[in-house]
């Protein structure tokens, strides 16, 4: 898979120390001119497997207890997101929180959300960035979000069929 950055021991995007993974792709649905992450589009990519990422998380860093997927737009790399979560849950038998920062609305990604929910303990931050808004505290994430329309939701766990 291709990513841009790995941030170990990130304390900015979730209420506990997290391994943050940034993804390189985005359709710029918010508008590239207003995107707070647009500079990432010009970053070099790193080729890495989900197993290598999770080894950094699970085996080599005792401080972190969550994984944050953000980027540009992690859901535009959905197969890679799904691979990371499946590997974490199935191969490592780990149920730590996985937080996905997306600029999409729930309706725009309902099909993807239905595929992620069965894995349990998945949190999704929904909503596009809107400039010049007052940040607000999100109780689910335990951090401030940049725009009034942004919020986090814990996905309901449904049995895998």
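When the criteria are applied in full, residue 111 meets the requirement of being free of Cβ contacts under 8 Å to residues at least 40 places away in the same chain and not in a loop (DSSP other than H, G, I, E, B). Checked against (1) at pLDDT below 95; (2) in contact with a helix residue (DSSP H, G or I) (Cβ under 7 Å, 6 or more places away or on another chain); (3) at negative phi, residue 71 passes all but a single condition, namely (3). Set side by side, the residues 24, 8 differ, and just one is touching a helix residue (DSSP H, G or I) at 6+ places or on another chain (Cβ under 8 Å) and more than 17 Å from residue 77 (Cα to Cα), which is 8.
Looking at region 56-78, which of its residues are in a helix (DSSP H, G or I) and closer than 23 Å to residue 152 by Cβ?
Kept after step one, since they are in a helix (DSSP H, G or I), are these residues of region 56-78: 56-59, 74-78.
Within region 56-78, 57, 74, 75, 76, 77, 78 qualify.
If the condition is being out of contact with any strand residue (DSSP E or B) (no Cβ under 9 Å at 6 or more places or on another chain), modelled with pLDDT of 90 or more and under 12 Å from residue 22 (Cα atoms), then region 35-54 contributes only 44. Residues in region 15-36 that are in contact (Cβ under 8 Å) with a residue 24 or more places away in the chain and surrounded by fewer than 20 Cβ atoms within 10 Å (Cβ to Cβ) were compared, and the one that is nearest to residue 131 (Cα to Cα) is 34.
No other residue among 82, 53, 88 is part of a helix (DSSP H, G or I), without any contact (Cβ under 8 Å) to a residue 60 or more places away in the chain, under 16 Å from the mean Cα position of the chain (by Cα) and surrounded by fewer than 17 Cβ atoms within 10 Å (Cβ to Cβ) apart from 82. Residue 102 passes all but one of (1) more than 16 Å from residue 72 (Cα to Cα); (2) surrounded by 19 or more Cβ atoms within 10 Å (Cβ to Cβ); (3) modelled with pLDDT of 95 or more; which number fails? Only one criterion is unmet by residue 102, namely (1). A single entry from 129, 92 fulfils the requirement of being at pLDDT below 95 and closer than 23 Å to residue 4 by Cα: 129.
For region 109-128, the condition of being surrounded by 15 or more Cβ atoms within 10 Å (Cβ to Cβ) and more than 27 Å from residue 48 (Cα to Cα) holds for at least one residue. Take residue 123 and decide whether it is part of a loop (DSSP other than H, G, I, E, B) and either more than 14 Å from residue 21 (Cα to Cα) or modelled with pLDDT under 95 (or both). The answer is no for residue 123.
Every listed requirement among (1) touching a helix residue (DSSP H, G or I) at 6+ places or on another chain (Cβ under 7 Å); (2) surrounded by fewer than 17 Cβ atoms within 10 Å (Cβ to Cβ); (3) not in a loop (DSSP other than H, G, I, E, B) is met by residue 156 save one, (3).
The values are calculated or read from the model by the stated rules, or taken from the named source; none is laboratory data. Everything numeric in this text was worked out from a predicted model, so none of it was measured. Positions of Cβ are generated from backbone atoms using ideal geometry, with glycine treated the same way; all protein chains shown enter the neighbour counts.
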